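Written out below as structure tokens is the structure these notes cover.
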Amino acid sequence: MKFLFKACLPLLLLLPTLAQAADLDGASLSLTWAIPFVGILLSIALFPIFAPGFWHHHFGKIVAVWTLAFLIPFAVSFGLHDSAALVVHALLAEYIPFIILLFALYTISGGILVWGNLHGSPALNTGLLALGTLLASLMGTTGAAMLLIRPLLRANDNRKHRVHVVVFFIFLVANIGGGLTPLGDPPLFLGFLKGVDFLWTVEHMAAPVALLSAALLAIFYLVDRYFYAKEDEVLTRDPSPDSPLKLFGKWNLLLVVGVVGAVLMSGVWRPGIRFDVMGTPVELQNLVRDALLVGLALVSLAITPKQVRAGNEFDWFPILEVGKLFAGIFVTIAPAIAILRAGSEGQLAGLVAMVSGADGQPIDAWYFWLTGLLSGFLDNAPTYLVFFNLAAGDAQVLMQQLPGTLLAISMGSVFMGALTYIGNAPNFMVKAIAEQRGVAMPSFFGYLAWSCVILLPLFVLLSLAFFL
């Protein structure tokens, strides 16, 4: 099946280049067309819980089956030309830029090694979480999480109570800290690709990210101090004696700056040169950005000693997993987006009515909560796209006429990705690394209990502060 999936995509891409992009009429589409998209998301949510071994070995095949379950009927109904144009649009306009940025950040951050061991006191742990929260918007949540989770675990390897440390790390570093820039979290980068200005995100997300981060850091310090006070005997037996931290792979820090520069360049430099690929416009600045990002990642691979990546236990599986999953997601999401864009004329008119007032204007609080809750239980990147398109689908309209709605979508998708292990890609990665280091992480529902008790009251306060 994996071979069949790989064979079908090139076949679609090689169809006559005169084909125009599939202009799906969402008003005439049945929700049946969204079943493969929902199937992929439910597979991501449920297989790791009920069949983790099977999912680990066959997730690519499962996604391939769902993708073919959409593409084959779609080609029969709408023709090969429209099918090819749809795939090309999904790849060139969204998937390839998205995965290239993740690839660059993951590769470069994997070349930065923080080596040594410090004493895991409440003050130190809070400081590391604060540092990770700041770095997440510069390196991405994946990059910052992979850089700091192992030093944090080493610092606390003599403590009995460590679960809360990892849980708050997921809250702050793997999710909320990435809310300041489009580099930080996949949903915001997708918004950037759709035309949301880089500095719009920085300006409007600064206050909610700062307030939520400060509240969580304060709560963490109190919780950690409580557990720390109960562990006097355990703390005397440290399997990793304290030693000064050393930083290896420092040249990669400059490469991270290069990633920031490349993304900023594509948002500022607009030469007006574009290429039409089967109805999908590809702009020169985006091609240059993607080429620079790939080049920076290759430079990192070339200049970073193997021992540094070995110290980080670096491997390609996490980025390969994300790449396979999102290839299917970005293709199969097209009908759902078309139906949402049809508004009251589409089969999701009930959802449109829920998030809109009697005057047709969006209700920002509903956008915040619906985007957030679906982000927590599905995945925040495609959920952002769904509600972005439901609100208007046009970045200029959202930024200028509906800034509160765009803020609600951004906050919901970034913040509530922390509700479950499956809300954001780094969550499960951090959990797996912690379990490898002997931390008895809570189950899916155990973690959900943590997040509901700690995060939901804070989200209520944010909703009252920003949307009412």
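The values are calculated or read from the model by the stated rules, or taken from the named source; none is laboratory data. Here the structure is a predicted model, which is why all the values come from computation and not from measurement. Here the Cβ positions follow ideal geometry from the backbone for every residue, glycine too, while neighbour counts run over all protein chains shown. Only protein heavy atoms, including side chains, enter the accessible area calculation; ligands, DNA and RNA are left aside. Shrake-Rupley method; radii C 1.70, N 1.55, O 1.52, S 1.80 Å.
What does the charge count around D394 come to, taking other residues whose C-beta lies under 11 Å from its C-beta (Lys +1, Arg +1, Asp -1, Glu -1)?
Summing Lys and Arg as +1 and Asp and Glu as -1 gives +2.
With all protein chains present, how much of the accessible area of the chain (probe radius 1.4 Å) comes from carbon and sulfur, to the nearest whole percent?
Of all accessible area on the chain, carbon and sulfur atoms account for 69 percent.
Sorted by accessible area (1.4 Å probe), largest first, how do E345, E321, E231 line up?
Output order, biggest surface exposure first: E345, E321, E231.
Just tell me, in residue order, which DSSP H segments of the chain are both 27 angstrom or longer along the helix axis (alpha-carbon based) and at least 0.0 in mean Kyte-Doolittle hydropathy.
52-78, 198-229, 284-303, 444-467
When a/c is below 1.5 the answer is rounded, else prolate if a/b is larger than b/c, else oblate, so apply that to segment 269-314 with a ≥ b ≥ c taken from the square roots of the Cα gyration tensor eigenvalues.
prolate
With r defined as the distance between the Cβ atoms of D315 and H119 and R0 fixed at 35 Å, what FRET efficiency is calculated, to the nearest 0.05?
Calculated value: 0.75.
What is the chain's relative contact order, in percent, from Cα pairs under 8 angstrom and six or more apart in sequence?
24
Where does the charge balance sit around V259 when Lys and Arg score +1, Asp and Glu -1, over other residues with C-beta under 15 Å from its C-beta?
Result for the local shell: -1.
Sum up the charges of everything whose Cβ sits under 15 Å from the Cβ of L419, counting Lys and Arg as +1 and Asp and Glu as -1, but leave L419 out.
-1
Where does the chain land at 222 nm, in deg cm²/dmol rounded to the nearest 500, when only DSSP H runs of n ≥ 4 count, each adding -39500 (n - 2.57), divided by all residues?
The helix-only estimate for the chain comes to -22500 deg cm²/dmol at 222 nm.
What is the spread of the Cα atoms of the chain along each of their three principal axes, largest first, in whole Å?
The Cα atoms of the chain stretch 70, 53, 46 Å along the principal axes, largest first.
If one computes the Cα centroid of segment 388-425 and of segment 250-296, what distance in Å separates the two points?
Taking the Cα centre of segment 250-296 as reference, the centre of segment 388-425 is 23 Å away.
In 10 Å bins starting at 0, how do the alpha-carbon pair distances of segment 114-175 split up by percent?
Whole-percent P(r) values from 0 Å outward: 25, 58, 16, 0.
Determine the principal axes of the Cα atoms in segment 134-288, then give the extent along each, sorted from largest to smallest and rounded to whole angstroms.
So the three principal-axis extents are 67, 33, 25 Å.
Which FRET efficiency value, to the nearest 0.05, is calculated for L456 and D276 with the Förster distance at 35 angstrom and r the Cβ-Cβ distance?
With R0 = 35 Å, the Cβ-Cβ based efficiency is 0.15.
Tell me the per residue accessible area of the chain using a 1.4 Å probe; a whole number in Å² is fine.
Per-residue value: 41 Å².
Between I303 and V260, take the C-beta separation as r, use R0 = 25 Å, and let me know the FRET efficiency to the nearest 0.05.
E(calc), rounded to 0.05, equals 0.85.
Using Cα-only point scatterers and the Debye equation, what is log10 of I(q)/I(0) for segment 127-216 at each q in 0.21 Å⁻¹, rounded to two decimals?
-0.91
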